1. From the cross-link list 119/155; 77/109; 77/186; 119/176, which pairs have alpha carbons spaced over 32 Å apart?
2. What nm distance separates the two modelled labels at residue 82 and residue 64, each placed 7 Å from Cα along Cα→Cβ?
3. Say each of residue 180 and residue 114 gets a label point 7 Å from the Cα, pointing the same way as Cα to Cβ; how far apart are those two points in nm?
4. Along Cα→Cβ, 7 Å out, is where each label goes; now give me the distance between the ones at residue 98 and residue 169 in nm to one decimal.
5. What number comes out for the charge environment of residue 113, summing +1 per Lys or Arg and -1 per Asp or Glu over other residues with Cβ under 13 Å away?
Amino acid sequence: MFLAKQIVRVDLYKRTLYTSSTALSEGQGVFGRLNPWAKKTPTQQSEPAVANSSAEIDAVSFNVKYEEDEDEVVSWKNDNVIENAEEIESIVRNVVLENVQGANESSWKNVGLTDATVKFKVVKESIKLIGRDLPNATLNNVTSAADLLTYFQGKDERFPESVEQFFADNAESLPKNMTFEPRKKKLDL
């Protein structure tokens, strides 16, 4: 019984040694003094106040450049989206002829875009010159220059003109519970 009480006491002392705040305090505890990486609290040492009235402090000047306005983000795409079919065809033809080996004037539409690097160059340059993005779903389906030309010459149908127009155009394919109700102004009574 005496031995059991001593073991319990030793066990309690071990726990308190490792968990007590005085043993663990960063700079002043037992382990804080032994730990070279522990935070050291700066001790305040009073320096004698010496009046140095004869020495003047030189004025410090900094060469700081302030930005007036943030520069506008320059887009790599053409600002004006080209929608003329002949211009789009000439742009895509020139891009394909520049970037694809073995492409000629007569068979440039049949050139396959299966190589990823060639496809990247052709698509990026076409987007840059035409000014219209190519969505990822369409990009996966583009396998030839003719597919690319067909997409760029088509109408951009990603964004309908208005919600009301969308409901009017797709009235037959939408469920009957989906209808468009225009906003009604509230009457101030």
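Every number in this text was worked out from the coordinates using simple rules, so none of it is lab data. Treat the numbers as computed from the prediction; the structure is a model and nothing was measured. Backbone-built Cβ (ideal geometry, glycine too); neighbour counts: all protein chains shown.
1. Values: 119/155 22 Å; 77/109 23 Å; 77/186 44 Å; 119/176 43 Å.
In this structure, 77/186; 119/176 exceed 32 Å between Cα atoms.
2. For the pair residue 82/residue 64, the computed spacing is 4.8 nm.
3. 4.4 nm
4. 3.3 nm
5. Details: positive: 109, 119, 121, 124; negative: 115, 125, 147.
Overall, the nearby charge balance is +1.
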